[in-house]
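The values are calculated or read from the model by the stated rules, or taken from the named source; none is laboratory data. Small disclaimer: the values here were computed from a predicted structure and weren't measured. No Cβ is skipped: glycine too gets one built from the backbone with ideal geometry, and neighbour counts run over all protein chains shown.
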Amino acid sequence: MALLSVEDVDLGYGELTVVHGLTFEVNAGEVVALLGPNGAGKTTTMNGISGVLKPKRGRIVLDGKNLAGRAAHHVVAEGFRHVPEGRRVFGTLSVKENLRLGAYSLRKKPSLIAERVKEVYDLFPVLGERREQLAGTLSGGEQQMLAVGRALVTRPRVLALDEPSLGLSPRMQHEILGVASDLASQGTAVLLVEQNVREALRIADRAYVIELGRVVLTGTGKELAADKRIEATYLGGG
Ligand code: ATP
């Protein structure tokens, strides 16, 4: 059984449905990419899983428990962490304070928080070097690392990354996606929304292409990277 399965889910805003009968799964240790043009419904899907948006229909099952419609804090407690698009770090707090805030659900155990924060410094040494620096003064890439680090302090079972490489240099994009890939090798399930389709397919075990709120194509990262339709639409071929 998959760690996370999204089963026949409809999502939308008010009367409007923008995601229709969406079904996909993510296993522990896998990177699964959701691809598709702007407006396809990728962010809406992430918000539907994380509890920001209540599904109109369907089930979202994490490790056997249906989370559809549960509050966001409950979904976090079950092990799903979502790093939204746009690197929302607390700019006037230090790197260390941002990471400690990420660990709020562990707040009664200071030694555990210190241990988890150290794990993030091991993963992103630059954050360790800059632990006292205000987050707002970090570079874009460092802020993205901090946003990911803040999610990791609770050791999520599923880490959802929404456009983590947006606005970063190619070197930073490579580094962030490399960390996502390493986390999956260590057993985390990684759900990735990426506009950089080439890089996403390089690290994705599997991917789903979504158009107008429906899955139109699925396959392994390798299969999709070699698919003529993907090449023509997303990789600049023709
Ligand atoms: P992008 O990469 O541009 O963020 P996306 O695939 O993540 O695209 P969504 O942001 O999920 O797409 O948007 C899916 C559809 O839902 C779009 O048609 C969008 O206009 C609509 N939509 C998104 N947010 C809202 C909202 N708060 N109210 C009404 N419609 C919305």
Residue hits (the stretch 195-213; within 16 Å of the ligand (Cβ to nearest atom) and either closer than 20 Å to L183 by Cβ or crowded, with 16+ Cβ neighbours inside 10 Å (or both)) are Q195, N196, V197, E199, A200, A207, Y208, V209, I210, G213
Within the stretch 172-213, residues outside any helix (DSSP H, G or I), in contact with a helix residue (DSSP H, G or I) (Cβ under 6 Å, 6 or more places away or on another chain) and small (G, A, S) come out as A204, A207
Scanning the stretch 214-233 residue by residue, those assigned to a helix (DSSP H, G or I) and surrounded by fewer than 21 Cβ atoms within 10 Å (Cβ to Cβ) turn out to be G221, K222, E223, A225, K228, R229, E231, A232, T233
Picking from E85, E132, the residue that is part of a loop (DSSP other than H, G, I, E, B), within 16 Å of the ligand (Cβ to nearest atom) and of a type in the set (D, E) would be E85
Cβ pairs under 6 Å, 6+ apart or interchain, first in the stretch 220-238 and more than 18 Å from L192 (Cβ to Cβ), second modelled with pLDDT under 90 and among the charged types (D, E, K, R), ordered by first then second residue, are G237/E231
Filtering the stretch 62-75 for residues that are surrounded by 13 or more Cβ atoms within 10 Å (Cβ to Cβ) and either part of a loop (DSSP other than H, G, I, E, B) or in contact with a Pro (Cβ under 8 Å, 6 or more places away or on another chain) (or both) leaves a count of 5
Expected single match for surrounded by fewer than 18 Cβ atoms within 10 Å (Cβ to Cβ), in contact (Cβ under 8 Å) with a residue 40 or more places away in the chain and farther than 23 Å from A180 by Cα among R59, R88 is R59
Restricting the stretch 1-43 to residues that are more than 28 Å from G187 (Cβ to Cβ) and not in a strand (DSSP E or B), the one farthest from the ligand (Cβ to nearest atom) turns out to be E15
Selection from the stretch 16-34 of residues under 20 Å from P55 (Cα atoms), under 19 Å from the mean Cα position of the chain (by Cα) and not β-branched (V, I, T) yields L22, F24, E25, L34
Among (1) buried (at least 18 other Cβ atoms within 10 Å of the Cβ); (2) more than 18 Å from the chain's Cα centre (by Cα); (3) aromatic (F, W, Y), Y13 falls short only on (1)
